[in-house]
1. Which order results if T17, T231, T59 are arranged by neighbouring Cβ count within 10 Å, fewest first?
2. Apply the Karplus parameterisation 6.51 cos²θ - 1.76 cosθ + 1.60, with θ equal to phi minus 60°, to every residue of the stretch 9-21 and state each ³J(HN,Hα) to the nearest whole Hz, in sequence, with x for glycine and proline.
3. Have a look at the DSSP beta bridges in the stretch 1-129 and tell me what percent are antiparallel, nearest 5.
4. Once phi is turned into ³J(HN,Hα) by the Karplus curve 6.51 cos²θ - 1.76 cosθ + 1.60 with θ = phi - 60°, what whole-Hz value does each residue of the stretch 55-68 show in order, with x for glycine and proline?
5. For I194, enumerate residues with amide H under 5 Å from its amide H, sequence gap 5+ or separate chain, H modeled in the peptide plane.
6. Along the stretch 151-157, what does the Karplus equation 6.51 cos²θ - 1.76 cosθ + 1.60 (θ = phi - 60°) give for ³J(HN,Hα), rounded to whole Hz, x for Gly and Pro?
7. Can you list residues whose amide H is under 5 Å from G6's amide H, if they're 5+ apart or on another chain and H is modeled 1.01 Å from N?
8. Using the crude model of +1 on Lys and Arg Cβ and -1 on Asp and Glu Cβ, and no other charge, please compute the dipole size for the chain relative to its Cα centre, in debye to 20.
Amino acid sequence: MVKTIGIIAIKGGVGKTTIAASLASDLANHYNQKVLLVDGNYSAPNLGLHMDIIEPSKTIHHVLDKRANIKSAIHKKFGVDVIPGSYVYSKSVNPLKLKDRLRKIKYDYDFVILDSSPSLNDEILSAILASDSLFVVTTPDYPTISCSIHAANLSLEKGKPIKGIIINKIRDPDYEISLKEIEESTNIPVVARIPDDKTAVKSLFTRIPVSIYNRNSPFSKEISRLNAALTGQKEKRSFLEKIFPKHFRKEQVNRQLLKESFYTSSFD
Ligand SMILES: Nc1ncnc2c1ncn2[C@@H]1O[C@H](COP(=O)(O)OP(=O)(O)OP(=O)(O)O)[C@@H](O)[C@H]1O
Ligand SMILES: [Mg+2]
């Protein structure tokens with residue numbers, strides 16, 4: 001059964017595209033899943049730059065506008081079927097058509113991953129409405145957390161409660177909001193904690209998704225743990241956890257619960 005997952009945030013630059021590209025390429029290359037990755041950031045579509053697709057001739061803009069058949073807009077990169085966006089599409093398009101356009105092909109896949117726009121308008125609604133499950137990306141600071149609470153409320157209003165929070169770019173926990181505080185203020189479980197990792201910067205520079213650029217980077221390892229839950233598999237334990245088997249982190253427990261909910265819930 002296909003799972004359509006939206007990666008959202010009402011804040012630019014938190015890492016939505018980096019995470020969407022890495023989740024998709026890790027699922028395809030290391031979990032043997034058939035994956036479609038779609039750029040849902042219509043006014044600043046840069047998923048292509050993360051997936052080494054430069055100046056695509058057919059894009060999600062053409063598909064929304066019925067100027068191209070959705071299959072013709074698929075670009076095969078890093079084992080993933082990618083539908084990028086266009087920086088230069090001259091007409092405005094209706095983002096709310098995304099769900100309908102995806103219907104024609106989504107059943108060909110195990111996962112459809114939607115990158116999204118931080119704009120609080122039809123662009124973010126497009127990803128919210130087209131997804132079965134939503135994850136919000138946040139950085140551990142007050143301004144971003146308040147945006148995440150806003151995103152959670154909006155999704156709930158649309159009948160799509162957020163499945164989990166991905167905390168990204170953790171730099172100095174002494175001066176950042178803790179997992180406990182984030183969970184208490186949002187009422188949503190944290191399912192991944194990704195450190196600030198130079199690999200993400202190098203990966204973007206070379207246009208190779210982080211999970212392919214360096215599978216063993218801290219960024220990639222956390223993405224892989226989340227993907228283990230999304231595919232119903234056991235996550236690999238770290239060296240510390242092997243020595244102290246009772247030493248479970250909260251996000252790990254949350255992933256276990258996510259895995260159980262994923263494999264009892266039904267998808268379109
Ligand atoms: N964990 C991380 N460590 C270090 N840099 C990161 C990390 N995650 C993302 N970045 C960097 O942060 C920048 C913004 O990332 P990205 O484009 O994925 O954000 P976004 O939320 O998609 O932004 P937008 O809302 O503009 O689409 C990029 O330069 C990326 O390489
Ligand atoms: Mg982005």
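1. By the 10 Å Cβ count, ascending, the order reads T231, T17, T59.
2. Once rounded to whole Hz, the list reads 5, 9, 7, x, x, 7, x, 4, 5, 4, 6, 4, 5.
3. So the antiparallel bridges in the stretch 1-129 amount to around 20 percent.
4. 6, x, 7, 10, 9, 5, 4, 5, 5, 4, 8, 6, 9, 8
5. I167, N168, K169, I170
6. Each residue's phi maps through the Karplus curve to give 4, 5, 5, 4, 5, 4, 4 Hz.
7. Close amide H contacts, sequence-distant or interchain: L114, D132, S133, L134, F135.
8. For this selection, approximately 780 debye.
Each value in this text was obtained by applying a stated rule to the coordinates, not by laboratory testing. Everything quoted here is computed from the prediction, not taken from an experiment. Every residue, glycine as well, gets a Cβ built from its backbone with ideal geometry; the counts of neighbours run over all protein chains shown.
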